[in-house]
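Please read the structure below before turning to the comments.
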Amino acid sequence: PSQSDPALTQRDCLLVVDGVTHVSGRCLVYPMGDGGFTLNVWSRGKPARSHFAVVSLNGQGPAEASWNKDPDDSHAWDPLGNVELKDGCWVNARARICAR
């Protein structure tokens, strides 16, 4: 997505995985049509060693989350499992993903 994309918004973001905070503060968020989103996207090429996460809704089933465990990866292929919405964040035993 480009910075001029009308769907791209800047939000207060948090990505915590296994007790380690990887993203905290303002970041770009790209909403997906299913109600999910990609957290910590970039507009001018991926910054070195940056983490991001994807939350995907599956119709009536639970949402699924993934991220790039290796900050040099450009795909969020590392699964975080099913997440549920609590207090505005998608959470499970391993992860907390917030875009407010």
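Descriptive notes on the structure:
- Leading residue by the ranking (farthest from ARG94 (Cα to Cα)) among those in segment 48-67 that are at pLDDT 90 or above and hydrophobic (A, V, I, L, M, F, W, C): LEU57
- Note on segment 9-33: among residues that are outside any strand (DSSP E or B) and in contact (Cβ under 8 Å) with a residue 24 or more places away in the chain, the one that is surrounded by the fewest Cβ atoms within 10 Å (Cβ to Cβ) is ASP18.
- Where strands (runs of 3 or more DSSP E) fall wholly inside segment 36-83, the ranges with 1 or more residues that are within 18 Å of ASP12 (Cβ to Cβ) and β-branched (Val, Ile, Thr) are 37-41, 53-56.
- Pairs with Cβ under 6 Å, 6+ apart, first in segment 74-85 and at pLDDT below 95, second among the charged types (D, E, K, R) and not in a strand (DSSP E or B): SER74/LYS46
- The condition of being on the phi > 0 side of the Ramachandran plot and in contact with a strand residue (DSSP E or B) (Cβ under 8 Å, 6 or more places away or on another chain) holds for only one of ASN82, ASN40, ASN68, ASN92, that being ASN40.
- Which listed residue, of GLY19, GLY33, GLY45, is modelled with pLDDT of 95 or more and either small (Gly, Ala, Ser) or touching a helix residue (DSSP H, G or I) at 6+ places or on another chain (Cβ under 8 Å) (or both): GLY19
The values are calculated or read from the model by the stated rules, or taken from the named source; none is laboratory data. If you're wondering where the values come from, they're calculated on a predicted model, not measured in any experiment. Positions of Cβ are backbone-derived with ideal geometry, glycine not excepted, and every protein chain shown enters the neighbour counts.
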